[in-house]
1. For the stretch 603-623, give me the residue count where each residue is within 18 Å of L553 (Cα to Cα) and either surrounded by fewer than 20 Cβ atoms within 10 Å (Cβ to Cβ) or among the small types (G, A, S) (or both).
2. Any residue in the stretch 540-553 that's closer than 16 Å to I369 by Cβ: show its pairings with residues that are surrounded by 15 or more Cβ atoms within 10 Å (Cβ to Cβ) and of a type in the set (V, I, T) at Cβ separation under 7 Å, as long as the two are six or more apart or on different chains.
3. Wholly within the stretch 494-600, which helices (runs of 4 or more DSSP H) include no fewer than the required count, namely at least 1 residues that are under 23 Å from the mean Cα position of the chain (by Cα) and surrounded by 21 or more Cβ atoms within 10 Å (Cβ to Cβ)?
4. Starting from the stretch 186-208, keep only residues that are touching a residue at least 12 places away in the same chain (Cβ under 8 Å) and more than 17 Å from A223 (Cα to Cα), then list their pairs with residues that are among the basic types (K, R) and surrounded by fewer than 23 Cβ atoms within 10 Å (Cβ to Cβ) whose Cβ atoms are within a distance under 8 Å, requiring at least 6 positions of separation or different chains.
5. Has the stretch 646-657 got at least one residue that is within 25 Å of E347 (Cα to Cα), part of a helix (DSSP H, G or I), in contact with a helix residue (DSSP H, G or I) (Cβ under 8 Å, 6 or more places away or on another chain) and touching a residue at least 12 places away in the same chain (Cβ under 8 Å)?
6. How many residues are part of a loop (DSSP other than H, G, I, E, B) and hydrophobic (A, V, I, L, M, F, W, C) when one looks only at the stretch 343-357?
7. What's the number of the condition Y20 fails, among (1) part of a helix (DSSP H, G or I); (2) closer than 26 Å to Y114 by Cβ; (3) hydroxyl-bearing (S, T, Y)?
8. So for the stretch 514-525 (the condition being more than 17 Å from I467 (Cβ to Cβ) and among the hydroxyl-bearing types (S, T, Y)), does at least one residue qualify?
Amino acid sequence: MWGKTKLYNKREEGNAYGEYLDQQKKEWGVTLDQLCRGVCTVSMLVSILNGEKTPGKLLRERLQERVGISNDEYETYLDCDEYNEWKMQQEILVLLEKQNEELKEKLKLYAQTYIIYKEDKEVAEITKNIFEKTAAYKENIGTEEKKKNNANQKLRFQFYLYIKAIYKKQQKAPMEEQINLFEKAVKQTVPDIDKESVIHLLLSPQELDLILEYERCRPRCEAVVKYREVLKYLENSKIEENSKVKNYPKTVLYLCQALLAEKEITAYAELLRLCDSAINLLRTTRRSYYLWEILCLKKQVLTQIKMQNCNHGESAKEEILNKMLAPIEEQIKILKEIYERFGVSKERKESCYIYYGQDTYPIGDIIRIRRKMLGIKREELCDGICSLDTLRRLEKKQKSTQPYIVQQLCMRLKLSPECERTELITSDIRARELEREIRYAVNEERFEEAKVLLEELKTRIELSNHINAQWVVDIEGLTKYRLGLMNEEQYRNQLKQALEYTLPLSIMELSDTQECYLTNSEMSCMYHFSLLEKKKENWMEAERWMKLINRILQNYKGQDQIRNHVRNCELYIGYKASILCGLEKYELSQTYAEKVMQLCLGMGRINMVSGALYDWMQSTWMIKQTEDKRQDDSWKSDLEYCLALSWFCKNKALEKFYKDALRMFSHFLEVKEKEEEDFHQLHNRKN
């Protein structure tokens, strides 16, 4: 298991990404020109697909997003230059969401660093011959490098213009100022947006969002046409739902608001259908983007229909409408209570969630940390791969290193060689789909289904690859254990086997002062070990298994990157709240549960909210118990909220859990009340 690993050579460095993108292109049935249009040249795209060129992060993500691949489920390693740019973009997004005055200076710095060259003084000069400047910059760079730089410059400039435009929107600037910026932004990569239908283009979520904002500034009749085109584009079944949901609710909202403003009674049926379609997608993907606005809009439409029926004396229809209104009003009430209680805005002000990068790391840090975790000397790691100076500069983030060298170093450290990856290494589209389907099935405790899907997955991936084997062994062990096909000891052995594909079990004894990095698969193994201890209420041991993960979470917090690692943070911070409750640290548990709810509600991810609310409720209950405070009925409404949220997320396993919890709590209180009543009666008889 810890023997020699096959290393990548220079010809293989871009194959994985190129193959996967090429398969997606063929699956969509699109041409080279359609995929790269407005972004890069056809010749550059061909080189990328053939694995001859490795595109930068901006171009790489834009190309895969155009063929419906969501970046939310990927980990990414970046060289020092790309990581610094990515980090600055994330800082700008945070300032934009907070409407912080520091945004102007930060955006100017971004422009001066990545768009304008040193001889340029004013940000306003960006718009003047930007691409000619790019091509002329540094005479010694090759033609292909110029093209790559040109593509990145377009995407950088588009980001810059988007931020400026949204800031103008926040400041309620004149519509003319807004439309000028949005138009320039969208036309960086979609130059023919005014002439061509959206349906005939290939677009990323960012480009679609810019189109929506651009059309919002235009005359309503023209905007409605484009909104409908975007809607039709998003209804393409090939787009992953996690990608579609980034734009679909906003498109529905903007279209419905425009139609409602026209006060056409005939449009009401369409408005209700569109609202229901958006809500259903949000339920399926467990997101809450523009959910509040869409629910309020649906209520408004139903109320107007009801008023019209009342005027015509149609009481039968009024009763039907009341039944339709009741659940909408209940959902609005629950959301209002939860958002306000935990200090999060109900309204979705901007679509920054589309731009936040997930699980992104500087590769120099990862290689340095991993090497030290495994006790490997620099000389041993770089032997046969690169010079000692190259490795030293890489670890100190002083200079970017050729991708194929980084990939070889990663393979030697038992890390994925792909700069952008899920938990599996594969270019098979169906394997990627199965990975997602299995994860969802396991999360919803549909283990029989997960078992069948795993068998299919094993026929499609290379199981001799230790990265793939780790994920499969971990998930297969959990599935068989929960189905009763494996006892606890066998499951523990399987978890140990899974972890040791990439890390020795002794890693759990890592010094508290030593840096730590874990992949998502490694965290999953440790988490499942911890769950076994939690099941037996061995709270101290459960906490020990989470020690390294909790250190990583603290590092995210210290670098203000919780938004950028939301998948791990929502799961593991929520789990920490549960463990703290078991350890009777109720106030601390309450604080962590509250953090999870604020994070998830703010990011539009509603899946973990019910679990965090349940932990918060439990801790609140126990605090009142220990303080001898009288219990009120808030526990009941909180459990009902948990039940409603699990229903919204279509999680039948959690629905059953909360229904059982409601019955259990009700019975507990009935028994307690009866015991108190019997005691008082006995006391009275005695006296």
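1. 1
2. L553/I573
3. Working: elements: 520-535, 539-545, 547-558, 566-582.
In the stretch 494-600, the matching helices (runs of 4 or more DSSP H) lie at 520-535, 547-558, 566-582.
4. Within 8 Å, the pairs are Q188/K154; T189/K154; L201/R37; L202/R37.
5. To start, the set of residues in the stretch 646-657 that are within 25 Å of E347 (Cα to Cα) comprises 646-651.
So of that shortlist, the ones also part of a helix (DSSP H, G or I) come out as 646-648.
Now restrict to residues that are in contact with a helix residue (DSSP H, G or I) (Cβ under 8 Å, 6 or more places away or on another chain): 646-648.
Now drop any that are not touching a residue at least 12 places away in the same chain (Cβ under 8 Å), which leaves 646, 648.
Yes, some residue in the stretch 646-657 is within 25 Å of E347 (Cα to Cα), part of a helix (DSSP H, G or I), in contact with a helix residue (DSSP H, G or I) (Cβ under 8 Å, 6 or more places away or on another chain) and touching a residue at least 12 places away in the same chain (Cβ under 8 Å).
6. Start the filter on the stretch 343-357 by keeping residues that are part of a loop (DSSP other than H, G, I, E, B), which leaves 343-351, 355-357.
Narrowing further to those that are hydrophobic (A, V, I, L, M, F, W, C): 344.
Matching residues across the stretch 343-357 total 1.
7. Condition not satisfied by Y20: (2).
8. Within the stretch 514-525, not a single residue is more than 17 Å from I467 (Cβ to Cβ) and among the hydroxyl-bearing types (S, T, Y).
The values are calculated or read from the model by the stated rules, or taken from the named source; none is laboratory data. Just so you know, these numbers come straight off a predicted model, no measurement behind them. Heads up, the Cβs are rebuilt from the backbone with ideal geometry, glycines too, and the neighbour counts pull from every protein chain shown.
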